[in-house]
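These notes concern the structure reproduced below.
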Amino acid sequence: MADTKTAYERVQAARNGKRPMGSYYIEHMVDDFVELHGDRRFGDDAAIVAGIGYINHIPVTVIAMERGDTIEDRMKRNFGCPEPEGYRKALRLMKEAEKFHRPVICFIGSSGAYCGIEAEKRGQGLAIAENLYEMMGLKTPVISVVVGEGGSGGALALGVCDTAIMLENAVYSVISPEGCASILWKDASKAPEAAEHLRLTSYDLLSFDVVEKVIPETGKTDREICSALKTVLLDEIKKLSSLTTEELLDHRYQKFRKIGA
Amino acid sequence: MSTLKTILNTITGNVEQPPRICKKCNAEIPYEDYLANHCICPECGAYFRMRAVERLDATVDKGTFQEIDRKLKSKNPIDFPDYKEKLEKAEKASGLTEGVVCGTAKIDGIDCGLFIMDSAFMMGSMGTVVGEKITRLFEKATALGLPVIGFITSGGARMQEGIFSLMQMAKVSGAVKRHSEAGLLYIAVLTDPTTGGITASFAMQGDIIIAEPKALIGFAGQRVIEQTTGEKLPAGFQRAEFQLEHGFVDLIEERPRMTYTLAKLLKLHQA
């Protein structure tokens, strides 16, 4: 059952500091998780946690945005805003998953790709562009789950997938409501109004066929939400694993091809 | 020049093109001289932002351009306020129906697919129609076995179409990948400005990436970086020369030599 939150209330819920992020789902859903670090180019970005483990005895690669809990942890993780190295680590491990025919599950929750001088020097745009390009042809199932704020290109860099899932109070947008309000009305405080216009809620995106599934949150505990998500993930893994590689890639191409056609 | 003048007159409604004023040095340049000088200020050398039709005229063999999807027009997929009016205004101001012109043409006798973005239409921002037109162009080029050359200028994904704009980045990337897997060449020419979601998708997916001198090329906006980090941006930050130095573009080419260089590269890739 859908509740009656406004769009901006959902934005606030998605950003809530107590809301579970990537690491929570890894901890409560993935067994024998082994975290793997680094992009083998430049460094390791703590805003993205990635590794291999089991979901119900099925080996999976998990790539999750993580903003951290304590203030020190959050600073280390750039408050969940990935740098180019984060996206490159993600791609490296997706390629590893492809080699061993293992499904990839991405957890998205970030206000966006880190914006800074160093990130630009190391090719933030290129890093995202390469992920979009390579994920379109990745020969293994990819499932993306927006668990928090899906902030523009920085979110989409883990969002090129076969099945897109959103938690009920997650949001996914081309621009933040504050950014939109600043451009439109030169007034960031009109963000609640902008949030309505941007149509960024899970139910909006479901109605646009941009996401395939919404996991209800209203009246549920974090553990219950996690467990419902796990059931859906297992179901999708099973479905996608039954496709041939050709069918899988064609299905993925068409999923995006039809948007705005 | 007379053909081009006719086209420009039809799209702008002007019988005579007014002289262009250089933003850098205030020089007044008669339109004929402006065109003859590749839309570069003859006084100070500043690059003007070229209109798609001017770029077309400077690039392709005369009379070979065949436009596709000319009539494709944006709707308002998320019922964004005032967007319809904005589109109408952009149409009037630019003489175009959207921010990109696509088609096939010959360059120095070699057939290719071509897309040219035009910043006069809502800063060349990408909504569903820009995404769809570029996707169709790549699909057509793949079917015909043609290389693609893209002249890029864009402020990024178009806010007024919300998530639909964002998803165009993935859609176009898919078409670029299929074109590439067919063994075909894609050259991206980055012109001022190339930013946001465009840099984070097809601008950076070329086999060869050429930039025009001093073009602004980057992902995050300069003001946003300053506000977020409190740092002062170094001189020349996110300019073409900066991108060359950091390894993200293959070469910088001056506008008067651009067609020559493109033709040379196209020839080098012919079987």
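The values are calculated or read from the model by the stated rules, or taken from the named source; none is laboratory data. In this text, all values refer to a predicted model and were calculated from it rather than measured experimentally. Cβ coordinates were reconstructed from backbone atoms using ideal geometry, including for glycine residues, and neighbour counts include every protein chain displayed.
Looking only at the stretch A:120-139, which residues are more than 7 Å from chain B (Cβ to nearest Cβ) and within 29 Å of A:Arg19 (Cβ to Cβ)?
The initial filter retains those residues of the stretch A:120-139 that are more than 7 Å from chain B (Cβ to nearest Cβ), namely A:122, A:127, A:130-131, A:134-135, A:138-139.
Hits for the stretch A:120-139 are A:Ala127, A:Asn131, A:Met135, A:Leu138.
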Single match in B:Ala200, B:Ala188 (criterion: touching a residue at least 12 places away in the same chain (Cβ under 8 Å), more than 8 Å from chain A (Cβ to nearest Cβ) and outside any helix (DSSP H, G or I)) = B:Ala188
Check B:Lys232, B:Lys214 and return the single one that is part of a loop (DSSP other than H, G, I, E, B), surrounded by 14 or more Cβ atoms within 10 Å (Cβ to Cβ) and basic (Lys, Arg).
-> B:Lys214
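So that you can scan it fast, the table gives a plain yes or no per residue for (1) at pLDDT below 95; (2) surrounded by fewer than 17 Cβ atoms within 10 Å (Cβ to Cβ); (3) in a helix (DSSP H, G or I):
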| site | (1), (2), (3) |
| --- | --- |
| B:Lys84 | no, yes, yes |
| B:Glu88 | no, yes, yes |
| B:Cys102 | no, no, no |
| B:Cys112 | no, no, no |
| B:Ala120 | no, no, no |
| B:Val130 | no, no, yes |
| B:Arg136 | no, no, yes |
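Working carefully through the options A:Leu205, A:Leu200, A:Leu184, A:Leu229, find the one that is touching a Phe, Trp or Tyr at 6+ places or on another chain (Cβ under 9 Å) and within 15 Å of B:Met159 (Cβ to Cβ).
Working: A:Leu205 fails: within 15 Å of B:Met159 (Cβ to Cβ); A:Leu184 fails: touching a Phe, Trp or Tyr at 6+ places or on another chain (Cβ under 9 Å); A:Leu229 fails: within 15 Å of B:Met159 (Cβ to Cβ).
Going through A:Leu205, A:Leu200, A:Leu184, A:Leu229 in turn, just one is touching a Phe, Trp or Tyr at 6+ places or on another chain (Cβ under 9 Å) and within 15 Å of B:Met159 (Cβ to Cβ): A:Leu200.
Here's a check for you: in the stretch A:151-174, which residue that is more than 9 Å from chain B (Cβ to nearest Cβ) and assigned to a strand (DSSP E or B) is surrounded by the most Cβ atoms within 10 Å (Cβ to Cβ)?
We begin by selecting, within the stretch A:151-174, every residue more than 9 Å from chain B (Cβ to nearest Cβ); these are A:151, A:158, A:161-171.
With assigned to a strand (DSSP E or B) added as a condition, the list becomes A:151, A:163-167, A:171.
Details: A:Gly151: 28, A:Thr163: 23, A:Ala164: 25, A:Ile165: 25, A:Met166: 27, A:Leu167: 26, A:Val171: 31.
Step by step, filter the stretch A:151-174, then rank; the result is A:Val171.
Pick from the stretch A:233-261 the residues that are outside any helix (DSSP H, G or I) and touching an Asp or Glu at 6+ places or on another chain (Cβ under 8 Å): which of them is farthest from the other protein chains (Cβ to nearest Cβ)?
Initial filter on the stretch A:233-261 (outside any helix (DSSP H, G or I)): A:242-244, A:258-261.
Next cut, touching an Asp or Glu at 6+ places or on another chain (Cβ under 8 Å) only: A:258-261.
Working: A:Lys258: 9, A:Ile259: 4, A:Gly260: 3, A:Ala261: 6 Å.
Out of the qualifying residues, it is A:Lys258.
Can you work out which of the residues in the stretch B:174-200 that are within 15 Å of B:Phe115 (Cα to Cα) and of a type in the set (S, T, N, Q) is farthest from the chain's Cα centre (by Cα)? Walk me through how you get there before you give the answer.
The initial filter retains those residues of the stretch B:174-200 that are within 15 Å of B:Phe115 (Cα to Cα), namely B:175-176, B:179, B:185-191, B:194, B:198.
With the extra rule that they be of a type in the set (S, T, N, Q), the set shrinks to B:191, B:194.
Details: B:Thr191: 7, B:Thr194: 8 Å.
The residue in question is B:Thr194.
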A:Gly80 meets each of (1) at positive phi; (2) of a type outside the set (A, V, I, L, M, F, W, C); (3) out of contact with any Lys or Arg (no Cβ under 6 Å at 6 or more places or on another chain); (4) surrounded by 24 or more Cβ atoms within 10 Å (Cβ to Cβ) with one exception, condition (3)
All but one of (1) more than 27 Å from A:Val30 (Cα to Cα); (2) modelled with pLDDT of 95 or more; (3) out of contact with any Pro (no Cβ under 7 Å at 6 or more places or on another chain); (4) small (Gly, Ala, Ser) hold for A:Ser242, so report the exception by its number.
-> (1)
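Here are A:Phe42, A:Phe79, A:Phe107: which of them is under 30 Å from B:Phe242 (Cα atoms), touching a residue at least 12 places away in the same chain (Cβ under 8 Å), among the aromatic types (Phe, Trp, Tyr) and outside any loop (DSSP other than H, G, I, E, B)?
Values: A:Phe42 fails: outside any loop (DSSP other than H, G, I, E, B); A:Phe107 fails: under 30 Å from B:Phe242 (Cα atoms).
Unique residue meeting the criteria: A:Phe79.
Could you list, in sequence order, all residues of the stretch B:239-253 that are assigned to a loop (DSSP other than H, G, I, E, B) and under 12 Å from B:Leu190 (Cα atoms)? Steps first, please.
Let us first name the residues in the stretch B:239-253 that are assigned to a loop (DSSP other than H, G, I, E, B), namely B:246-250, B:253.
Residues satisfying the conditions are B:Phe248, B:Val249, B:Asp250, B:Glu253.
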The condition from (1) free of Cβ contacts under 8 Å to residues at least 24 places away in the same chain; (2) within 14 Å of chain A (Cβ to nearest Cβ) that B:Met122 misses is numbered (1)
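Looking at A:Gly125, A:Gly137, can you tell me which residue is among the small types (Gly, Ala, Ser) and either surrounded by 22 or more Cβ atoms within 10 Å (Cβ to Cβ) or in a strand (DSSP E or B) (or both)? Break it down stepwise before answering.
On the way: A:Gly137 fails: either surrounded by 22 or more Cβ atoms within 10 Å (Cβ to Cβ) or in a strand (DSSP E or B) (or both).
Only one candidate qualifies: A:Gly125.
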Search result, residues across the stretch B:238-260 that are more than 7 Å from chain A (Cβ to nearest Cβ), of a type in the set (A, V, I, L, M, F, W, C) and either surrounded by 13 or more Cβ atoms within 10 Å (Cβ to Cβ) or touching a residue at least 60 places away in the same chain (Cβ under 8 Å) (or both) | B:Ala240, B:Phe242, B:Leu244, B:Val249, B:Ile252, B:Met258
Here the qualifying pairs (Cβ atoms under 6 Å; residues six or more apart or on different chains; first in the stretch A:203-218 and more than 14 Å from chain B (Cβ to nearest Cβ); second modelled with pLDDT under 95 and in a loop (DSSP other than H, G, I, E, B)) come out as A:Thr218/A:Asp3
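How many residues does the stretch B:152-167 contain that are farther than 25 Å from B:Glu212 by Cα and either within 8 Å of chain A (Cβ to nearest Cβ) or assigned to a loop (DSSP other than H, G, I, E, B) (or both)? Steps first, please.
Within the stretch B:152-167, the subset farther than 25 Å from B:Glu212 by Cα is B:159-167.
When the remaining residues are screened for being either within 8 Å of chain A (Cβ to nearest Cβ) or assigned to a loop (DSSP other than H, G, I, E, B) (or both), the result is B:159, B:161-167.
Qualifying residue count for the region: 8.
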